[in-house]
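Chemist: One structure, as structure tokens, below. Some questions next.
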Amino acid sequence: MKLVFAGTPEVAVPALDALLSSGRHEVAAVITRPDAPAGRGRRLVASPVAQRAEEAGIEVLKPARPRDEEFLARLREIAPDCCPVVAYGALLPKVALDIPARGWVNLHFSLLPAWRGAAPVQHSLMAGDQVTGASTFLIEEGLDSGPVYGVVTEDIRPTDTSGDLLTRLAFAGAGLLAATMDGIEDGALQAVPQPVEGVTLAPKIQVEDAHVDFAAPALRVDRVVRGCTPAPGAWTVFRGERLKLIQVTGLPDRTELAPGELAAGKNNVYAGTGSYAVELLWVQPQGKKPMKAADWARGVRIAPGERLGA
């Protein structure tokens, strides 16, 4: 089939690579979000998908909006059979959805109908799921509600962050998307409607969602930290400034600390929660680089009774 691939961040690159190397389909063009400011200089930088497409010598389309007439006209000229999508980052209007003969097929990082929305991996971790996966489905106008072509499952490991899990799903999902394209071309795959039961939503994680509440149980604290790492970054407040929490681990045998109360040893830092304490392993003070929590504690000289939180 002639394909036009739509995607933007690094997590979409493995799927693009899988389609480019399949030897079966032609990736005629790539659609991605416009260049965005990055780095300290805030200069405009092309998306990872755009950079990979340019390396491969593929035409790159960067519409400000997918309903822009100039973009739609070019897409009609290319006349793709199908448009595979991975984390493109913009809603597709019906006028665009109607252009490819076999529709737009999205690779979504959850086992649909669970975790429809922008942040399925983060929400899955924060909810304490033990298994997740990726799904390919035919895009329709509803939010991630279209019929499903295929799924692949992935166990969630006890120390997984959203970054860890998303990396594994990106590669597992790349194979799934390539196989889905093959099955659609062969006529061997038929999309199956999603069940009406089990729908959960995964909206974008806001900064306030990543605020760690130390009155919550330690299990919840750990899930928020892992679910929000690397982005947007779990955080608390210490002496009026934000402190990013990168890695913690639970200590079920230590229950004497009040929620948020800190205790520092020679090489360890502990914080109380609503159940048992957690050990802070890696943190990032405001305006500084990530560091071991013990190094941070030695620098700030935690006083008896000091706490994390507002």
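Chemist: Please go through (1) touching a helix residue (DSSP H, G or I) at 6+ places or on another chain (Cβ under 8 Å); (2) open to solvent by 70 Å² or more (accessible area, probe 1.4 Å); (3) hydroxyl-bearing (Ser, Thr, Tyr) for Thr273 and return the number of the only condition it doesn't satisfy.
Modeler: Failed condition: (2).
Chemist: Sticking with this one: Taking the stated definitions as given, is Ser162 under 19 Å from the mean Cα position of the chain (by Cα), of a type in the set (Ser, Thr, Tyr) and buried (at least 20 other Cβ atoms within 10 Å of the Cβ)?
Modeler: Judged against the criteria, Ser162 is a match.
Chemist: Still on this model: Please verify whether the range 182-196 includes one or more residues that are in a helix (DSSP H, G or I), in contact with a Pro (Cβ under 6 Å, 6 or more places away or on another chain) and open to solvent by 60 Å² or more (accessible area, probe 1.4 Å). Break it down into steps so the answer makes sense when it comes.
Modeler: Step one: of the range 182-196, the residues in a helix (DSSP H, G or I) are 182-186.
Going one step further and asking which of them are in contact with a Pro (Cβ under 6 Å, 6 or more places away or on another chain), we end up with none.
The answer is no; no qualifying residue exists.
The values are calculated or read from the model by the stated rules, or taken from the named source; none is laboratory data. Predicted, not measured: the structure shown is a model, and the values here were computed from it. In this analysis, Cβ positions are derived from the backbone assuming ideal geometry, glycine residues included, and neighbour counts consider all displayed protein chains. Surface areas here come from the heavy atoms of the whole protein model, side chains and all, with no ligands, DNA or RNA. Shrake-Rupley method; radii C 1.70, N 1.55, O 1.52, S 1.80 Å.
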